[in-house]
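Chemist: Got a structure here, written out as structure tokens. Questions coming.
The values are calculated or read from the model by the stated rules, or taken from the named source; none is laboratory data. Bear in mind that the values here come from a model prediction, so they are computed numbers and not experimental data. Quick reminder, even Gly has a Cβ in these numbers, built from the backbone with ideal geometry, and neighbours come from all protein chains shown. When the accessible area is computed, the model is the full protein with side chains, heavy atoms only, and any ligands, DNA or RNA have been set aside. Shrake-Rupley method; radii C 1.70, N 1.55, O 1.52, S 1.80 Å.
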Amino acid sequence: MLNYAESVNALGTVTTTGTIDYSLGNVVTATVAAAVSWSVTNPPASGKCGSFTLILTNGGTGVQTWFSGTKWPSGTAPTLTA
């Protein structure tokens, strides 16, 4: 049995840059107010697996630039709405 828990990291309103910090939670919420460039910090150690859920409000307000290595189903990022 694996020990898995979810912890929310509420970023509030994000403009310009958004940082998803693994050490602060694996469910990240944010309200987007402009185009945002996203990054990830403090990922799991090499050889370990990790995941997070990103919940955006107004994600289509501006262009979202995803961090290097982001992979989407069928190779296409989702279309977000304001």
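Chemist: With no solvent and one equal point scatterer placed on each C-alpha of region 39-82, evaluate the Debye formula and give log10 I(q)/I(0) for q = 0.24, 0.32, 0.33 Å⁻¹, two decimals.
Modeler: At q = 0.24, 0.32, 0.33 Å⁻¹ the computed log10 ratios are -1.08, -1.32, -1.33.
Chemist: Could you tell me which of rounded, prolate or oblate describes the chain, using a ≥ b ≥ c as the square roots of the eigenvalues of the alpha-carbon gyration tensor, with rounded for a/c under 1.5 and, failing that, prolate when a/b is larger than b/c and oblate otherwise?
Modeler: Verdict is prolate for the chain.
Chemist: Hey, another quick one. Which of the peptides 26-37, 68-79 is most tightly packed, and how do the rest follow, judged by the mean count of other Cβ atoms within 10 Å per residue?
Modeler: Highest-to-lowest ranking by the protection proxy: 26-37, 68-79.
Chemist: In the neighborhood of PHE52, defined by Cβ-to-Cβ distances under 12 Å, what is the net charge if each Lys or Arg adds +1 and each Asp or Glu adds -1?
Modeler: -2
Chemist: So, in nm, how far is label TRP72 from label THR19 when the simple model puts each one 7 Å beyond its Cα toward the Cβ?
Modeler: 2.6
Chemist: Counting heavy atoms of the protein chains only and a 1.4 Å probe, report the per residue accessible area for the chain as a whole number of Å².
Modeler: Normalised by residue count, the accessible surface of the chain is 68 Å².
Chemist: Pop out the carbon and sulfur fraction of the accessible area of the chain as a percent, whole number, probe 1.4 Å.
Modeler: Carbon-and-sulfur percentage of accessible area, whole number: 55.
Chemist: Hey, rough spin-label estimate for LYS48 and VAL27, points 7 angstrom out along Cα→Cβ, what's it come to in nanometres?
Modeler: Taking the simple label geometry, LYS48 and VAL27 are separated by 2.1 nm.
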